[in-house]
Amino acid sequence: MHNKKTLSAFPVILASLALYAGCTATPPTVDTSAKGDMTFDGLYPVKNTWADAAWARPDVDLSQYTKIMLQGVGVEYRPGGESGRSYMSRSQGGPFEVSEKQKAAFEQVMREAFIDELAKSEHFSLVDEPGPDVLLIRGALLDVVSYVPPETTGARDKIFLSRVGEATLVLELRDSITEAIMARGVDKRAAEDFSAMRESNRVNNRSEVRQLARTWGRLLRTGLEALAKPAQ
């Protein structure tokens, strides 16, 4: 018989991949009813999550883990994009090509903000080495798109944006010793300000990217901590 905590609490991690706080009316569950829905690596769909898609092993037990090791496996940018050097291309709203400088800044902000949020955990500590009590979180950002044109030089050329870009986050939870996969979640979201248009500049754009990373990190952290609590 499967452990009740395993089946009911573990999908909280995957639900935490969603960008918006809140909970679903129906608790998340691992659906093992259809063998054909099992992934090539033995995961089953998780239903009723806020993530775009999630999968997990139905018999997984995370009670042994008290530490987290993060591992980035890359960032992929959507090919193509406007140069943004003309007024016409800027007015069309992109997406725009991403320079090497922009890539470096984006990846640094995402990494630092994500780590800052996970470091606030009251149960899990961040480590750099695998161990029997270490949960490996492997993450990648796919199909990163930028709506930020090259910076302008005059007030007449100011650009105001509601979103600076979007990306798809893929997270895998693995045992750090065996690297056996236990869960996978996929969530595509935009870095945007829902309240207003903001001037496109380095400060504002970094702020929106940082907020996106902090939200992903915070929801993952709270999901992990919810699972770490003793069963009622």
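The values are calculated or read from the model by the stated rules, or taken from the named source; none is laboratory data. These numbers were taken from a predicted model, which means no experiment stands behind them. A quick note on method: Cβ atoms are made from the backbone with ideal geometry, for glycine too, and the neighbour counts reach across all protein chains shown.
Summary of computed values
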read-out	value
Filtered residues of the range 102-154 (kept if among the small types (Gly, Ala, Ser) and out of contact with any Gly (no Cβ under 7 Å at 6 or more places or on another chain))	Ala104, Ala105, Ala119, Ser121, Ser125, Gly131, Gly154
Residue check, Arg214 in contact with a helix residue (DSSP H, G or I) (Cβ under 6 Å, 6 or more places away or on another chain), surrounded by fewer than 21 Cβ atoms within 10 Å (Cβ to Cβ), closer than 29 Å to Phe96 by Cα and at pLDDT 85 or above	yes
Single residue of the range 56-91 satisfying the filter (of a type in the set (Phe, Trp, Tyr) and at pLDDT 90 or above) that is farthest from Glu225 (Cα to Cα)	Tyr77
Given (1) modelled with pLDDT under 75; (2) part of a helix (DSSP H, G or I); (3) loosely packed, with under 14 Cβ neighbours inside 10 Å, number of the condition Ala231 does not satisfy	(2)
Counted residues, the range 15-45 - those being within 26 Å of Ala190 (Cβ to Cβ) and at pLDDT 85 or above	1
